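The values are calculated or read from the model by the stated rules, or taken from the named source; none is laboratory data. Small disclaimer: the values here were computed from a predicted structure and weren't measured. For neighbour counting, all protein chains shown are included, and Cβ atoms are generated from backbone atoms with ideal geometry for every residue, glycine included. Just so you know, the surface numbers come from the protein's heavy atoms only, side chains and all, with ligands and any DNA or RNA stripped out. Shrake-Rupley method; radii C 1.70, N 1.55, O 1.52, S 1.80 Å.
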Amino acid sequence: SRDFPGSDKASLALYWVGMTYLFEDNYKDALEAFNRFTEKSTDGKLYEDASFRKSVCLFGLENYPLAAEKLEEFLKEFPVDTLTPEAHTLLGDCYGATGDLEKSLEHYKQVEDCAVKQSQIDYAALQVGRVHEQLEQFKEMEDWFGRYLEKYGISGDYTQAIYRKGFAQQAQ
């Protein structure tokens, strides 16, 4: 990209450089590449994806408040997208990491409505259970897993849900 700085292939290369760094868990260099990419290219799916990946990098760098801020902006800019469930999940993780458990719950609970895969629903559902447990809301935890089991049965994470529901019952 240094040889042809005016080329649109140069900005495309920055995106893939960012992805490569991200796969290597090199969040600092990935963030820099995605920042440079989004400065040069502001439209299309890759811009959208890079905008999301910047938040992933910030989360990886343990800058949870800024990651959350960027994710909230992402959801405003792209309210309906294939990355929406990932954004809500990561927001749940960010707010969980900063101790804002109510906001964490709010985002995990939104994943179900926009999820593209059962695994996204399962992860968020188990996180909701963990937050209820941290808040010692065992009745809510029991009800949550009861509803989850009714709705998803063996297509969901059945074993974990049964165990977590039993745990909640015992804790009461």
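For the reader, a short list of remarks on this structure follows.
- Ignoring lysines fewer than eight residues from K109 along the same chain, the ones with Cα atoms less than 28 angstrom from its Cα are K45, K54, K70, K76, K117, K139, K151, K165.
- Residues in the stretch 26-43 carry Karplus couplings, in order, of 8, 5, 5, 5, 5, 4, 4, 5, 5, 4, 5, 4, 6, 6, 8, 10, 10, 9 Hz; the curve used is 6.51 cos²θ - 1.76 cosθ + 1.60 with θ = phi - 60°, and Gly or Pro positions show x.
- Computed with a 1.4 Å probe over protein heavy atoms only, the accessible surface of the chain comes to 56 Å² per residue.
- The portion of the accessible surface of the stretch 29-172 made up by carbon and sulfur, rounded to a whole percent, is 48 (1.4 Å probe; DNA, RNA and ligands excluded).
- The loop-placed trypsin sites (Lys or Arg not before Pro) in the stretch 77-167, going by DSSP, that have at most 14 neighbouring Cβ atoms within 10 Å of their Cβ come out as K117.
- Over the C-alpha atoms of the stretch 55-163, the Rg to Rh ratio, Rh being the Kirkwood estimate, stands at 0.98.
- Helix 64-77 axis versus longest C-alpha principal axis of the chain: approximately 80°, rounded to the nearest ten.
- Based on Cα contacts under 8 Å between residues 6+ apart, the stretch 32-172 shows a relative contact order of 15 percent.
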